[in-house]
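The values are calculated or read from the model by the stated rules, or taken from the named source; none is laboratory data. If you're wondering where the values come from, they're calculated on a predicted model, not measured in any experiment. Here the Cβ positions follow ideal geometry from the backbone for every residue, glycine too, while neighbour counts run over all protein chains shown. Ligands, DNA and RNA are stripped out before the accessible areas are found, and what is left, the full protein with its side chains, is counted by its heavy atoms. Shrake-Rupley method; radii C 1.70, N 1.55, O 1.52, S 1.80 Å.
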Amino acid sequence: MSGKTELGYIGTGLMGAPMATRLIDAGNPVTVWNRTAEKAEPLVQRGATLGASAADVAAKSDIVFMCLTDTAAVREAVFGETGIAKGARKGSVLVDFSSIQPEATRDMAARLKDEAGMEWIDAPVSGGVPGAEMGTLAIMAGGDAASFDRVTPFVLQMAARFTLMGPIGAGQTTKLCNQVIVGCTMAVLAEAARLATNAGVDAQRLPEALAGGFADSKPLQLFVPRMVNAQHEPPLGHVYTMLKDLDSVCDLARSCTSPVPFTAMAAEQFRLLTVRGGATADALEIFKLSAPTDL
């Protein structure tokens, strides 16, 4: 044993790989696992240890970080035949960076604590791939304060902001609020950029022209040039992820009688984009929905 806190990372995809890279580069002992093993290979070459399964990662780790696509993937990684619960050290902590439903988070956290004695922090992230690469992510958390404090030094190696919003599930609820803003903003920016283009104004100059005014924002500066120039590789985020989150917003809103008319409208636009461009399209391709056609 090195005397250092042993870390695990499960899910080394679009977001997970750069986040795990930052942990490795900071000198932490990190064991990684991904369902598609080749996606974890660059991390192994960088200094990580390859785990044989999610259970193996948990057995070797004091803190396990996880970043997966949806609730079903999280449930399988935690409670599957070779899942985290099968190998977890009692008293260890699972930090879930995935964006999933708050109620599912609460149910799984209670089950994991009961079956394996492992704590759960729900910690969905915002900032996209650029934020993951640069360590500027905003991460919103739910869980008990002691577990939050224990994982904070390591999370802040991957993020600029880590905020405890309340008990388990509060992080996921906060992320849904974030996605209301981001998803609707993408739709509005696509609308503004198309209006500029159709009216004969160079939409690429909107970020420059509006900088410093009330319409200025990080999404304006980052999204509009990528939309107008059709710069979608690497994607900032897949459309299926955005649609999943916006549908979760609508589900939560129904459960607490909260009106979300703009979110519902944005969700339908991303659903249309899924039909036209495929589930793995870049979410910023929403700009293409309003492009003139020959029909």
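Of note:
- When only Cα pairs below 8 angstrom with a gap of at least 6 residues are kept, the range 1-134 shows a relative contact order of 24 percent.
- About its Cα centre, the dipole of the chain is roughly 240 debye, where the only charges are +1 on Lys and Arg Cβ and -1 on Asp and Glu Cβ.
- When the C-alpha to C-alpha distance is required to be over 30 Å, the pairs from K60/K218; K60/K244; K86/K244; K4/K86; K4/K244; K244/K288 that qualify are K60/K218; K60/K244; K4/K244.
- Gyration tensor (alpha-carbon) shape descriptor, the range 205-288, a/c threshold 1.5: oblate
- Close amide-amide hydrogen proximity is noted between T31 and L7, G8, Y9, T49, each under 5 Å apart and 5 or more residues distant or on a separate chain (H modeled in the peptide plane; Pro and chain starts excluded).
- Using 0.36 nm per residue and subtracting the Cα-Cα separation, the extra length available between L222 and R276 on full extension is 17.1 nm.
- Ligands, DNA and RNA left out, the 1.4 Å accessible surface of the chain is 57% carbon and sulfur atoms.
- Whole-number accessible area per residue in Å² for the range 137-263, which is evaluated in the context of all protein chains at 1.4 Å: 50 Å²
- Rounded, prolate or oblate (a/c below 1.5 giving rounded, otherwise prolate when a/b exceeds b/c) for the range 1-151 by Cα gyration tensor: rounded
- Net length gained if the chain between L210 and R254 were fully extended (0.36 nm per residue, minus Cα distance): 12.2 nm
- Euclidean distance between Cα centres, the range 186-237 to the range 25-75, Å: 36 Å
- Ellipticity estimate at 222 nm from DSSP helix runs (n ≥ 4, -39,500 (n - 2.57)) divided over the chain, nearest 500: -15000 deg cm²/dmol
- Take every Cα pair under 8 Å whose residues are at least 6 apart in sequence, average their separation, divide by the length of the chain, and the relative contact order is 13 percent.
- Note on the range 73-173: Cα-Cα pairs beyond 18 Å make up 44% of the total pair count.
- Cα-based shape type of the chain, given that a ≥ b ≥ c are square roots of the gyration tensor eigenvalues and the cut on a/c is 1.5: prolate
- Cα point-scatterer Debye curve for the range 147-295, base-10 log of I(q)/I(0) at q = 0.12, 0.17 Å⁻¹: -0.60, -1.06
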